Amino acid sequence: MADHLKGRTALVTGGSRGIGAAVCRALAVSGAAVAVNCREQIGRAEQLAGEIVNQGGRAIVVAADVSQREAVAGMVERVTTGLGPIDILVNNAGIAITRGIDDLTEDDFDRTILVNLKSAFLCTQAVLPDMRSRKWGRIVNISSGAARGAGSIGPHYNASKAGMEGLTRGYAARLVKEGITVNAVAPSLIETDMMSGQPQLVSRIPLGRFGTAEEVAKAVMLLVDNAYMTGQTIALSGGMAFN
């Protein structure tokens, strides 16, 4: 384990698998103590935390529904007690309910906004007091290429991710003088559970392959390591789109 982030505590929502798990590993390798949040995949989260501990790091599992205010408050309290005040927040938790316009329901829309967007707001609000008191913090929101493109999941998903990038800029502008940076990473077509069974989508990617969760994690670490970069969105699309 390296010690670049030694003494820092990180919370990764939706951290039990895919991009979240890759981010947890990258943070741990850099020396951060890592809280792995999940809602249902507790076994996978415990396996990941055990892996980090076995490699000499510090990690705990904090199960919570991050779309609920009281659950978020309890989660942050458990992390602070178990590992210390949260210095790094990665808002990765999200859902992808694939719907066409004619099939999209109000419940689909509300649930998507709640889990993908409101959760980022709730978690950010919960960690800000400690970050502000120490004049240091890193918040990274996991967005999507769907925030700017058509996407394949549906307009509810587009709206949730576009909202997340607006949230990113709004917080960044207001926290920059307090030593807290807020940025986003927008991956497209990453080889995770969400992409399983859809090999035909590779044809859309000029690079000729899906991206990897580890490549997304590297972009997250770039933002965690850079005190001068805030309010930005890093896109990873294998050449499908350019900022």
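Conditions tested, residue by residue: (1) over 14 Å from V12 (Cα atoms); (2) over 16 Å from the mean Cα position of the chain (by Cα).
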position	(1), (2)
G56	yes, yes
I60	no, yes
A63	no, no
E77	yes, yes
G94	no, no
D108	yes, yes
T124	no, no
Quick one: which strands (runs of 3 or more DSSP E) sit completely within the stretch 31-123 and have at least 1 residues that are free of Cβ contacts under 8 Å to residues at least 40 places away in the same chain, in contact with a Cys (Cβ under 9 Å, 6 or more places away or on another chain) and crowded, with 19+ Cβ neighbours inside 10 Å?
33-38, 59-63
Answer yes if at least one residue in the stretch 60-77 is farther than 18 Å from A217 by Cβ, in contact with a strand residue (DSSP E or B) (Cβ under 8 Å, 6 or more places away or on another chain) and among the basic types (K, R), and no otherwise.
no
Determine if the stretch 126-145 includes at least one residue that is under 19 Å from the mean Cα position of the chain (by Cα), free of Cβ contacts under 8 Å to residues at least 60 places away in the same chain and within 18 Å of A241 (Cβ to Cβ).
yes
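Read the figures in this text as sums done on the coordinates, not as results from a lab. Please read all numbers here as calculations on a predicted model, not as lab measurements. Please note: Cβ atoms are built from the backbone with ideal geometry, for glycine as well, and neighbour counts cover all protein chains shown.
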